[in-house]
Amino acid sequence: MSAIPVGLVRSGWRTATSLPIAGRVGLLFVVFWLAVAIFGPSIAPHDVGAVVSPDAFAPLTAAYPLGTDYLGRDMLSRILHAARFTVGLALVAALAASATGTTLALIAATAGGWIDEVMSRLMDAFISIPSKMLALVMVAAFGSSAGLLILTAALSYTPGAYRIARSLAVNVKTLEYVQAARARGERLAYVAGMEILPNMVNPMLADFGLRFVFVVLLLSGMSFLGLGVQPPDADLGSLVRENIGGLFEGAPAVVTPAIAIATLTVSVNLLIDAISGRATRVVEN
Amino acid sequence: MEPLVQVEGLRVIARKDGGEAPIVKDVGFSIPKGEVLALIGESGSGKTTIALALLGYARRGCRIAGGSIRIGGTRVLELTPGQLYELRGRKVSYIAQSAAAAFNPMKTIMDQVIEGALIHGTSTRAEAEAKAVDLFAALALPDPEGIGSRYPHQVSGGQLQRLMAAMALITDPELVVLDEPTTALDVTTQIEVLRAFKKVVRERGATAVYVSHDLAVVAQMADRILVLSDGEMRETGATAQILARPRHPYTRSLLAAAAPQVRGEGEPRGDAPLLEIRGLVAGYGRPDASGMPAARVLDNVDLAIARGSTLGVIGESGSGKTTLARVVAGLVPAARGTVLFDGKPLPTNLKERTREQFRRIQIVFQNADTVLNPAHSVERILARPLAFYHGVRGEEARKRIARLLDLVKLPAALAARRPAELSGGQKQRVNLARALAAEPDLVLCDEVTSALDTIVGAAVLDLLAELRRELGVSLMFISHDISTVRAVCDQVMVLYSGCKVDAGSRKALASPPFHPYADLLIASVPELRTGWLDGLPARLAVESPPPGAEKPARGLCTFLDRCPVRIAGVCDREPPPRRDLGGGKEILCHHTRAELEALQTA
């Protein structure tokens, strides 16, 4: 291993160990779910679509640690596959929303004047559309596919990211080091990318985590309504929906995907709170 | 007789990097009744921490770890929180640095001034109000009967500071703690406040602790001085003794820094000025039909800076001095007038400037804390202008950065650090090095020493003088502090409300005649001797106008409403003429040279 990854790992470890206890719990679960998304399908004990047991809604047993679903498929394998969809789609959509929002915000804030005005009003118009409604309309119009779900989620959450990023950028822009760069004759692109952006990365990362959670909930909700990821693929939301019939029997098949969604979103929130809380403490000192 | 205040072995410790570090180490002193003790030191010396400890208070992250404080019959450090509540504002009261931040803008001044008396039940509302009016009169506040019914934003900063003194004195406390009460004020305003404080302290025989970094101010106010640095006592003695015969080397260095020496004269080269400005008008806000900005900050300003020389620009806050630098730097467009750089017109709009023009004019901003990008290392901060202007990269850039750091007397090891890891003085040096990396012809220095401690500031001034000598750059040196301008500048101009009211050589600044405002400004700078405040001539008793007061009509003298020597029927009717007093000295005033000399030597 070369020196740089070792250094990165070390500083990452230092950051992790300096987090408060809730932040460490959050980090643990976030790392767990990322690992599941990456390796899950390859370590799943059974094929995702295979009906392995004659019992539907079987309880937790040694053979099927998380029970079976409404067709008698292994729940553990189902969740290991579904997590990849949920985490993957949400990650791509949240990344797209944050990146687009931040880029547009930097353009608006550095250019100022009418460009800023037009972009901001446009975003205000977008932000007034409820995200669920937009998603329902999009699916109704174009049919559901992974690409469309990502596009819809990204579109819904870009204006929020833009708002946050713009208010950060406008604040940073008035600071003297940005003025100094302008007086040096720097181009706007340099000012935006090199002077302003590095000083809004931390809050934007926190915002990204929040958007990720929103997207997870939006996609799960869509799947629960049957408008999200379509069979034979399934995300965590679809798993809840498929097995809703087991709710009255108290089947683990309906509870486990719900718990999966909960741990994923809550842990991301815990981690964000810990990291942004730490950032403010550093600033105070 | 037993002293009123007795402090022994005081220790305060602060949490730092997980551990604890002492910030006040074994400090002890006593104050007899009716005396004023000054705590003097630079930032981080622990002076404010000690002052707060007298109220039994430690700031967040700090705690009083040992020692004893006795005020009258009260042992402050042994009190319960409930008893401390009785102490504060009753037996010991506190006057903070920024009165503007200490007053509630939503309540009338009277309600806030008498609040302490009502809380502690020392008098009824009617008694307290009568007492407040007496205090207002004693503090030389205008309209003592009526000022209480105003709101804080309706009085000037100097008046607010005095009102805060009234607030502190309303309960007849045994001890008053004044924490840098005039540091945030302009020098002409400072005088009003110092005079009022001194009068009240003397009349009431108040016992006080006066915290300050300014020896000259302290010399006027204190009976005894305690010199602090790094939380330790360096020297204590009577004011006259400390000023005349300091024993500790640290005290001597403080004294030396407080009276800046002239640092070498520049040699103007060539006859064409490097920078010339004619009839400049600039400001902020939407331009009107004729292209004039809504808020005009600079009005008809002319100036010239010869090659290799330094022009000092003096004025109080709001005089337009920073805007002047920003116009030259291209950050604020000029509405009227021309700016010539090296004989050629200089666009005042960033977009129209060439990179070469950017390179030749560099601006050094006031606040070193915000002027360096916290996300960049020192090396990256300095590498940027090298790459941007000179195309220098890699190994060559590293060599040049090392040279630049050496030039501003910083160790090369600092290159890897980020601004947050530097001290204030180090940041200001990096700030300066960044400007020098461009190899400029003209450096605009905007209050570069104002945020620094005296000793650090003096070192930066030395550095500037040295750089001027070695590199031959021209400087525009903007400051509110006359003594620093005197120390580094060849030419000086005085701005008041955006107008150039007085201009001349450094020598012209040493003796009358001056423009009446320049006279007020120069005479208001406290001198390093006791009794200066009491010996001030009567013409300096000028009340500063409240904010939002009507400005003199456009065209008339901007100083009209404050001028102690205005001529009725002339100054309020006709615009002042620009008078050439000979020797390159010119002023904007109706008075003739002879009249001004007679008025100002009186």
With charges set only on the Cβ (+1 for Lys and Arg, -1 for Asp and Glu), what does the dipole of chain B come to about its Cα centre, in debye to the nearest 20?
1380
Could you name the lysines in cross-link range of residue B:199, using Cα to Cα under 24 Å and dropping any fewer than eight places away on the same chain?
B:33, B:91, B:131
Note down the nm distance, to one decimal, between modelled labels 7 Å out along Cα→Cβ at residue B:145 and at residue A:249.
9.3
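What average number of partner chain Cβ atoms lie no more than 10 Å from the Cβ of the residues making up B:346-356?
1
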All-pairs alpha carbon distance profile, the range B:33-108, 5 Å steps from 0, percent
3, 12, 21, 24, 20, 13, 6, 2, 0
Which one of B:565, B:390, B:587 has its Cα pushed farthest toward the positive end of the charge dipole of chain B, where Lys and Arg give +1 and Asp and Glu give -1 at the Cβ?
B:390
Using a ≥ b ≥ c from the Cα gyration tensor of the range B:391-461 (square roots of the eigenvalues), is it rounded, prolate or oblate, where a/c under 1.5 gives rounded and otherwise the larger of a/b and b/c decides, a/b for prolate?
oblate
Please tell me which of these pairs span more than 20 angstrom C-alpha to C-alpha: B:500/B:585; B:551/B:585; A:173/B:16?
B:551/B:585; A:173/B:16
Suppose R0 equals 56 Å. What FRET efficiency, 1/(1 + (r/R0)^6) with r the Cβ-Cβ distance, do residue A:126 and residue B:244 give to the nearest 0.05?
0.15
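So how strong a dipole does the protein assembly as shown carry about its Cα centre when Lys and Arg Cβ are +1 and Asp and Glu Cβ are -1, to the nearest 20 debye?
1260
Can you tell me the length gained on complete extension of the stretch residue A:42 to residue A:259, counting 0.36 nm per residue apart and subtracting the Cα distance?
75.9 nm
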On a C-alpha basis, how far is the centre of the range B:122-139 from the centre of the range B:1-45 in Å? Whole number, if you could?
32
Only residues of the range B:128-165 count here: report those whose backbone N is under 12 Å from the spot 7 Å along Cα→Cβ of residue B:108, or say none.
B:129, B:145-152
Taking 7 Å along the Cα-to-C-beta vector as the label spot, tell me the residue B:84-residue B:352 distance in nanometres, rounded to one decimal.
6.2
Each label point is 7 Å from the Cα along the Cα-to-Cβ direction; what then is the distance between the points at residue B:369 and residue A:99, in nm?
3.8
So the FRET efficiency between residue B:278 and residue B:466, C-beta based with R0 = 30 Å and rounded to 0.05, is 0.40
When DSSP assigns beta bridges and you keep just the ones with both residues in the protein assembly as shown, what percent turn out antiparallel, to the nearest 5?
60
Per-residue ³J(HN,Hα) for the range A:55-62, Karplus 6.51 cos²θ - 1.76 cosθ + 1.60, θ = phi - 60°, Hz, x for Gly and Pro
8, 8, 6, 5, x, 5, 9, 4
Straight-line reach only, C-alpha to C-alpha below 19 angstrom: list the aspartates and glutamates that residue B:198 could link to, leaving out same-chain residues fewer than 8 apart.
B:35, B:134, B:172, B:174, B:179, B:180, B:186, B:214, B:223, B:527, B:534, B:543
Mind putting together the pair-distance distribution for the protein assembly as shown? All Cα pairs, 10 Å bins, whole percent per bin, short to long.
2, 10, 16, 18, 18, 15, 10, 6, 4, 1, 0, 0
Once you wrap a convex hull around the alpha carbon atoms of chain B, what is its projected area averaged over all directions, in nm²?
29.9
For peptide A:171-179, how many partner chain Cβ atoms fall within 10 Å of a residue's Cβ, on average?
5
Likely footprinting exposure, B:599, A:80, A:151, fewest C-beta neighbours within 10 Å first:
A:151, B:599, A:80
Using the Cα centre of the range B:69-223 as the reference point, and only Cβ charges (+1 on K/R, -1 on D/E), how large is the resulting charge dipole? Debye, rounded to the nearest 20.
200
Return the Cα extents of the range B:36-162 along principal axes one, two and three, sorted largest first, each rounded to a whole Å.
47, 35, 28
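Where a number appears in this text, it was derived from the coordinates with a stated rule and is not lab data. None of these values were measured; they are calculated from a predicted model. Note: ideal-geometry Cβ built from the backbone for every residue, glycine included; neighbour counts use all protein chains shown.
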